[in-house]
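Reviewing the structure listed below.
The values are calculated or read from the model by the stated rules, or taken from the named source; none is laboratory data. Bear in mind that the values here come from a model prediction, so they are computed numbers and not experimental data. Don't worry about glycine lacking a Cβ; one is built from the backbone with ideal geometry, like all the others, and counts go over all protein chains shown.
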Amino acid sequence: MQIIIEEKELVDLLTSEKTREKGFRQLISLYKERLYWHIRKIVISHDDTDDVLQNTFIKIFKNISNFKGESKLFSWMYRIATNEAITHLKKNAKHQNLSCEEIQLHAVNSLQSDVYFEGDEIQFKLQQAIAKLPQKQQMVFNMKYFDDIKYKDMSEILETSEGALKASYHIAVKKIEAYLTKD
Amino acid sequence: MKKKKLHNIKDSGFKAPKNYFDGLEESIMNQIKLHEKIEDTGFKSPDNYFELFEDKIIDRVKHEPKVIPLFNKRNLLYASGIAAALFIMLSIFINNNELTFDDLETASIENYLNEEELDSYEIASLLTEEELSTDIFIDSDLTSESLEEYLLQNTTIEDLIIE
């Protein structure tokens, strides 16, 4: 309930030119962390995440007048963040002449030497397991398992039916559990 | 009566998806096992990263050069509207050429004269004094051959018989 009231106030601040900067600062403050971790799980490294997160907020700022309130504000922003992250992956893949999966696996495999990864062996294995899933399934898993996003909201963000998302999640969990228990 | 009817209903009418229960146990177990092993991703962000982030973005937003696209749809429509108006104005004011008789082909003039059925008096009224000097007839190079040919082609024997 709290968040919904805040959203309405935010949108009002953002719509009027006089209060736009104030509203935008509030927006950044409220959502920077959630969006950061969402993006980070897709692009893996901190530096790439920083790039994508900045681009995401710039894009949000430029398009805030296009936000028509047909979905929740945060779903709209998450969608932008997701698209920016995927675009970033594709761009890297093209530059290095690899596929998106290869790029991600590459990034995951260098996690153990990454100063911004402090996971143990099993957390490392988990990242490997996730990187082997199809892109959408990865996002469904991350959003449900780590961020605890409701299927209803996930459905707005990923533009997929709740039923399909639930099925996708169960498959992802099964595959990951199998990967972690082998050896 | 009521009790008897209720007694006859054994089934709630609800249905579960096919194979739902087969996968359910496994799914729940998998989730439990996973949660036992892992709570978070292991990723971490640099110190002060989030504290400094907000100002970084506001700076960027303020200092990004505003690119005004020249060729968006609205501008193109305005531009073509103006171009069309200019074109029409110019074509009206510059086109001073009036039609002269030189523009007409001789054949069109001949066709007009034939169709109008002008008699010789009307044509004669158009001729001026200078044009009508008898010199034209005296100095002509009319040979008897061409005269003969003309008479053969343009007249019939009846026309030549003077009553």
Item to check | Identity of the residue in segment A:166-183, crowded, with 21+ Cβ neighbours inside 10 Å and of a type in the set (A, V, I, L, M), that ends up nearest to the other protein chains (Cβ to nearest Cβ) | outcome: A:VAL173
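Matching residues to (1) within 14 Å of chain B (Cβ to nearest Cβ); (2) in a helix (DSSP H, G or I):
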residue	(1), (2)
A:VAL11	no, yes
A:LYS18	no, no
A:SER29	yes, yes
A:ILE64	yes, yes
A:THR87	no, yes
A:LEU98	no, no
A:GLU102	no, yes
A:LEU105	no, yes
Checklist entry - Within the bounds of segment A:29-52, is there any residue that is in contact (Cβ under 8 Å) with a residue 60 or more places away in the chain, surrounded by fewer than 20 Cβ atoms within 10 Å (Cβ to Cβ) and small (Gly, Ala, Ser)? => result yes
Next on the checklist: Among the residues that make up segment B:42-52, is at least one of them touching an Asp or Glu at 6+ places or on another chain (Cβ under 7 Å), under 30 Å from A:GLN26 (Cα atoms) and part of a helix (DSSP H, G or I)?
Outcome noted: yes
Checklist entry - Is it fair to say A:GLU162 is among the charged types (D, E, K, R), touching a Ser or Thr at 6+ places or on another chain (Cβ under 9 Å) and surrounded by 19 or more Cβ atoms within 10 Å (Cβ to Cβ)? => result no
Item to check | Subset of segment A:41-58 (residues that are under 14 Å from A:ILE80 (Cα atoms) and within 11 Å of chain B (Cβ to nearest Cβ)) | outcome: A:THR49, A:LEU53, A:GLN54, A:ASN55, A:THR56, A:PHE57, A:ILE58
Checklist entry - Residues in segment A:26-36: is at least one over 28 Å from B:ASN48 (Cβ atoms), outside the structural domain of A:LYS136 (by TED's automatic domain parsing), touching a helix residue (DSSP H, G or I) at 6+ places or on another chain (Cβ under 8 Å) and among the polar types (S, T, N, Q)? => result no
Checklist entry - Does at least one position in segment A:70-79 carry a residue that is farther than 19 Å from A:ASP147 by Cβ and more than 13 Å from the chain's Cα centre (by Cα)? => result yes
Checklist entry - Given the conditions (1) facing another protein chain (nearest Cβ under 10 Å); (2) surrounded by 15 or more Cβ atoms within 10 Å (Cβ to Cβ); (3) of a type outside the set (Val, Ile, Thr), which single one is not true for A:ARG79? => result (1)
Checklist entry - Picking from A:GLN123, A:GLN112, which residue would you name as being assigned to a helix (DSSP H, G or I), surrounded by fewer than 16 Cβ atoms within 10 Å (Cβ to Cβ), modelled with pLDDT under 95 and among the polar types (S, T, N, Q)? => result A:GLN112
Checklist entry - Does B:ILE38 qualify as being closer than 18 Å to A:ALA172 by Cβ, at pLDDT 85 or above and more than 7 Å from chain A (Cβ to nearest Cβ)? => result no
Checklist entry - Does segment A:125-132 include one or more residues that are out of contact with any Gly (no Cβ under 6 Å at 6 or more places or on another chain), within 11 Å of chain B (Cβ to nearest Cβ) and farther than 16 Å from B:GLU39 by Cα? => result no
Checklist entry - Among (1) surrounded by 10 or more Cβ atoms within 10 Å (Cβ to Cβ); (2) modelled with pLDDT of 90 or more, which single condition is B:ASP47 missing? => result (1)
Next on the checklist: I'd like to check something: does segment A:146-168 contain any residue that is in contact with a Leu (Cβ under 7 Å, 6 or more places away or on another chain), among the acidic types (Asp, Glu) and in a helix (DSSP H, G or I)?
Outcome noted: no
